[in-house]
1. Binning at 10 angstrom from zero up to the longest distance, how are the C-alpha pair distances of the range 66-141 distributed in percent?
2. Using a 1.4 Å probe, what is the accessible area per residue for the range 40-124, in Å²?
3. What does the charge add up to near residue 36, with Lys and Arg as +1, Asp and Glu as -1, over the other residues with Cβ less than 10 Å from its Cβ?
4. What distance in nm separates the two pseudo spin-label positions at residue 17 and residue 52, each 7 Å out from Cα along the beta-carbon direction?
5. Please give the length that would be gained between residue 107 and residue 65 if that part of the chain were fully extended, namely 0.36 nm times their separation in residues minus their C-alpha to C-alpha distance (nm, one decimal).
6. Between residue 89 and residue 149, what length comes free when the chain is fully extended (0.36 nm per residue of separation minus the Cα-Cα distance, one decimal in nm)?
7. Near residue 101, within a Cβ-to-Cβ distance under 14 Å, what is the net charge of the other residues, with Lys and Arg +1 and Asp and Glu -1?
8. Quote the FRET efficiency, to the nearest 0.05, computed for residue 123 versus residue 38 with a Förster distance R0 of 35 Å and r equal to the Cβ-Cβ distance.
Amino acid sequence: MTAVTAGALLAEPDVAAFRAAMARFPTGVTLLTQGSGDETLVMTLNTLTSVSLDPLLILVSVKASGRMRPRISSSGSFAVNVLAESQLDLALEFCRPDRPEGRAAMLRLGAEEGVTGNAVLPAAETYVECVLDAEYTAGDHTLLIGRVVALSGGSSEPDPLLFHQGRFGRLSPASSVEQREAAA
């Protein structure tokens, strides 16, 4: 190990050190869905990245050995629903191993079938429907690249649910950057 300064740099970080470092990066919270009706599968997810504007592509990362990856691989589509701060209970419920599936999940979410045949949440901040463009193995996860075929943005003021340092949170009403820009 090589210690550099007060925030020690580890030449070979372990899992705990890596998790602690990544927890310092705030993320949004989403529900990844595949299927609808009796076939609905849902999981809480915080890995969502915009990849390309031409074509419109996003990336999500799922556990390679989990339930979701083979379903998305075989169906060729998925949806990502960006949760609002008021939907914290859904984030907590759908991160459990015994989370609802099928029609019970659809009812719990207030979901509808989207154009790709996957559950979408009209009450979400936004949702993005994708067809699977590519899959890449990355350690114990699979990176899924989705080509965006439909989306819906919320009509209200944004109030996304955030995850940072192992806790859920929200944006402050006006950040210091916004206040400086308004004053200029």
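1. 16, 48, 33, 3
2. Working: 4000 Å² over 85 residues.
Ligands and nucleic acids excluded, the result is 47 Å² per residue.
3. Working: positive: 103; negative: 38, 39, 112, 113.
Summing Lys/Arg as +1 and Asp/Glu as -1 gives -3.
4. 3.6
5. On the way: separation 42, 0.36 × 42 = 15.12 nm, distance 2.70 nm.
Fully extending the segment from residue 107 to residue 65 adds 12.4 nm.
6. Numbers: separation 60, 0.36 × 60 = 21.60 nm, distance 2.83 nm.
Full extension from residue 89 to residue 149 adds 18.8 nm.
7. Numbers: positive: 67, 71, 96, 99, 103, 108; negative: 38, 39, 93, 98.
Neighbour charge sum, excluding residue 101 itself: +2.
8. Working: r = 22 Å, r/R0 = 0.63.
It comes out at approximately 0.95.
The values are calculated or read from the model by the stated rules, or taken from the named source; none is laboratory data. What you see is a predicted model, and the numbers here were worked out from it, not measured in a lab. Reconstructed Cβ throughout: ideal geometry from the backbone, glycine too, with neighbour counts over all protein chains shown. The protein model used for the area step is the full one, side chains on, heavy atoms only, and it has no ligands, DNA or RNA in it. Shrake-Rupley method; radii C 1.70, N 1.55, O 1.52, S 1.80 Å.
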